[in-house]
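What follows is calculated from the coordinates using simple rules that are stated; it is not laboratory data. Given the structure is predicted, the values throughout are model-derived calculations rather than measurements. Counting neighbours? That spans all protein chains shown, and the Cβs are built from the backbone with ideal geometry, glycine included.
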Amino acid sequence: MKDNRFMKVIRDADEKGIAVGAVNIVNYLTTDAAVTAAKELGVNLIIQTSAGTVEHFGARKLYDMIDGIRKDAGITVAIHLDHCRKTELGKECVDAGWDAVMMDFSHLPLEENIARTKEVADYAHERGVAIEGEIGVIYGVEDEIAADQEVKAGYDETVEFIKGSDIDVVAPAIGTAHGVYKGVPKLDFDLVERLGKDDTPIVIHGGSGLSAETFRKLIKLGGRKVNISTLVKNAYLGKIRELVESGEKYAPIPFDDQVFDAVKAEIKKHLAVFAGIKDSFD
Ligand SMILES: [Zn+2]
């Protein structure tokens, strides 16, 4: 895979021993908040869209919106499709200009996961687009994809998956979960450490709610892309709820400005830890 924008931000993070933040957005405001947060820190960024968000806006419209925001940011911003189980939708995003797509057939038997991921990998690579695949099942709900049982990935099958599917970055299930944690998760740091010594960069899913210390450890062992989704949505909805319940009357733009500031602050404190600029979220 030759360097496109997605591989550039991953390789850049790898050289620096840091991780690039991959932020799930839902609209213009959250995209603008993420790009502004990265810009203020001077770090690169991945903007992620769930399959449901692409279907909601339409690929072309969504691409144009994100591309318009990233254009003059002065940092490298890659556009990525998160957890997609629909081959046609993955290909549609490749055609619409996404820098990378994640196909998630992790719920299928290994051979089928390999074959179905490889089909999109070939399509993407021919068009200069990168691909992420998932092995093992990450617990929780991400967009419309729900897993009620977690299956951790093993080292050997992860290596077999990477080779067979021809993916550029790998998301192994290491015990992180989508959504909000109840208690402290037991993570498979050994798997991250072993995979971290290989060539394929590792993606950490289920980043919302992990401690700064856990992030630093995962990044030190080789995590190069860290996904945050739930905490972005919570910051967005939480601020809206707070403003509405305050009973104050706001005009739309000052209202949005306050929501924007809250979302930006939440994203920024995470990006700062992923980039090694700060040690904690304080
Ligand atoms: Zn995920």
Q) To the nearest 10 degrees, how steep is helix 230-245 against the longest Cα principal axis of the chain, on a 0 to 90 scale? A) 20 degrees
Q: Multiply the residue gap between D199 and K86 by 0.36 nm, knock off their C-alpha separation, and tell me the result in nm, one decimal place.
A: 37.9 nm
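Apply the Kirkwood formula to the chain: the hydrodynamic radius equals the inverse of the mean of 1/r over all pairs of different alpha-carbon atoms; give it in Å with one decimal. Please list the in-between numbers first.
Working: mean 1/r = 0.0534 Å⁻¹.
In the chain this quantity evaluates to 18.7 Å.
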Q. Using 7 Å Cα-to-Cβ label points, what is the I253/E213 separation (nm, one decimal)?
A. 4.6 nm
Q. With the dipole of the chain worked out from charges on the C-beta (+1 for Lys and Arg, -1 for Asp and Glu) around the Cα centre, which of V273, V170, A19 lies farthest toward the positive end?
A. V273
Q: Extending each Cα 7 Å along its Cβ direction at D3 and D261, get the distance between those two points in nm, one decimal.
A: 3.9 nm
Q. Against the longest alpha carbon principal axis of the chain, how many degrees, from 0 to 90 and to the nearest 10, is the axis of helix 59-70 turned?
A. 70 degrees
**Q.** Within the chain: Cβ-based charge dipole about Cα centre, in debye rounded to nearest 20 (Lys, Arg +1; Asp, Glu -1)
**A.** 680 debye
Q: Assign unit charges at the C-beta atoms only (+1 for Lys and Arg, -1 for Asp and Glu), then state the dipole size of the stretch 124-233 relative to its Cα centre in Debye, rounded to the nearest 20.
A: 580 debye
Q: Could you check which residue among F260, F57, F215 shows the biggest mean-square fluctuation in a GNM of the chain with a 10 Å Cα cutoff?
A: F57
Q | Pairs from K39/K225; K217/K239; K16/K217; K8/K182 whose Cα-Cα separation, in the structure shown, is over 26 Å | A | K217/K239; K8/K182
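Relative contact order for the stretch 167-252 using alpha-carbon pairs under 8 Å, separation at least 6, rounded to a whole percent?
Working: 98 pairs, mean separation 24.8, N = 86.
Rounded, it is 29 percent for the stretch 167-252.
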**Q.** Residue exposure sequence - I131, I75 - by fewest surrounding Cβ within 10 Å
**A.** I75, I131
Q: Please give the residues of the stretch 5-26, grouped as numeric ranges, whose backbone N is less than 19 Å from a label point set 7 Å along the Cα-to-Cβ vector of F281.
A: 19-25
(Q) Can you give me the distance in nm between label points at K186 and E126, each placed 7 Å from the Cα along the Cα-to-Cβ direction? (A) 4.5 nm
Q) By how many degrees, between 0 and 90 and to the nearest 10, does the Cα long axis of helix 155-165 differ from the longest principal axis of the chain? A) 90 degrees
Q: Work out, step by step, the length gained on full extension between E55 and D72: first 0.36 nm times the residue separation, then minus their alpha carbon distance; give nm to one decimal.
A: 3.5 nm
Q. Using the Cα gyration tensor of the stretch 1-104, with a ≥ b ≥ c the square roots of its eigenvalues, what is the shape: rounded (a/c below 1.5), prolate (a/b larger than b/c) or oblate (neither)?
A. oblate
Q: Report Rg (one decimal) and Dmax (nearest whole number) for the stretch 107-235, counting Cα atoms only, units Å.
A: 14.3, 44
